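Below is one structure, written out as structure tokens; comments come after it.
The values are calculated or read from the model by the stated rules, or taken from the named source; none is laboratory data. In this text the structure is predicted, and so the values were computed from the model without any measurement. Here the Cβ is made from the backbone with ideal geometry for all residues, glycine too, and neighbour counts use every protein chain on show.
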Amino acid sequence: MAAYIVVQLEITDPETFETYRAQVPATLEQYGGEFIVRGGDREVLEGEWPWPRMVILKFPARKAAKAWHASAEYQGPKALRQAASKGNMIVVDGV
């Protein structure tokens, strides 16, 4: 069953965040990860949405998503993201 990592972000250091963005795609490949949503225009239809940026990643399974997040390949980019933004990240199974 596919799993999705959903990220809500506010970028606090755009220059460092661009370095992060450039590094992430190469870390996804061996885990079968792909971008479904990567930023883009958003429109709140109901309620409040305080985060200005959203990313959704698709993986073949939760195990692959969590392996990517914990991987040695992602640790450097992850540190950049954490230094350049604040937000939330979850993993959720698809249907």
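Is it the case, given these coordinates, that Glu73 is surrounded by 12 or more Cβ atoms within 10 Å (Cβ to Cβ) and assigned to a helix (DSSP H, G or I)? Judged against the criteria, Glu73 is a match.
Residue-wise test of (1) in contact (Cβ under 8 Å) with a residue 24 or more places away in the chain; (2) out of contact with any Lys or Arg (no Cβ under 8 Å at 6 or more places or on another chain).
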{"residue": "Glu10", "(1), (2)": "yes, no"}
{"residue": "Tyr31", "(1), (2)": "yes, yes"}
{"residue": "Asp41", "(1), (2)": "no, yes"}
{"residue": "Trp51", "(1), (2)": "yes, yes"}
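Set side by side, the residues Arg42, Arg81 differ, and just one is within 14 Å of Leu9 (Cα to Cα) and outside any loop (DSSP other than H, G, I, E, B), which is Arg81.
Scanning the stretch 38-51 for residues that are at positive phi and exposed (fewer than 13 other Cβ atoms within 10 Å of the Cβ) yields Gly40, Gly47. Scanning the stretch 25-37 for residues that are surrounded by 15 or more Cβ atoms within 10 Å (Cβ to Cβ) and in contact with a strand residue (DSSP E or B) (Cβ under 9 Å, 6 or more places away or on another chain), we see that the one that is nearest to Val55 (Cα to Cα) is Val37. Filtering the stretch 32-44 to residues that are modelled with pLDDT under 95 and basic (Lys, Arg) leaves only Arg42. Within the stretch 20-44, the set of residues being over 14 Å from the mean Cα position of the chain (by Cα) and either among the β-branched types (Val, Ile, Thr) or more than 19 Å from Tyr74 (Cα to Cα) (or both) comprises Asp41, Arg42, Glu43, Val44.
Can you tell me which residues in the stretch 45-67 are outside any loop (DSSP other than H, G, I, E, B), over 19 Å from Phe17 (Cα atoms) and either under 15 Å from the mean Cα position of the chain (by Cα) or modelled with pLDDT under 95 (or both)? Scanning the stretch 45-67 gives Lys58, Phe59, Arg62, Ala64, Ala65, Lys66, Ala67. Per the listing Val92, Val7, the residue uniquely crowded, with 18+ Cβ neighbours inside 10 Å and either in a strand (DSSP E or B) or at pLDDT below 95 (or both) is Val7.
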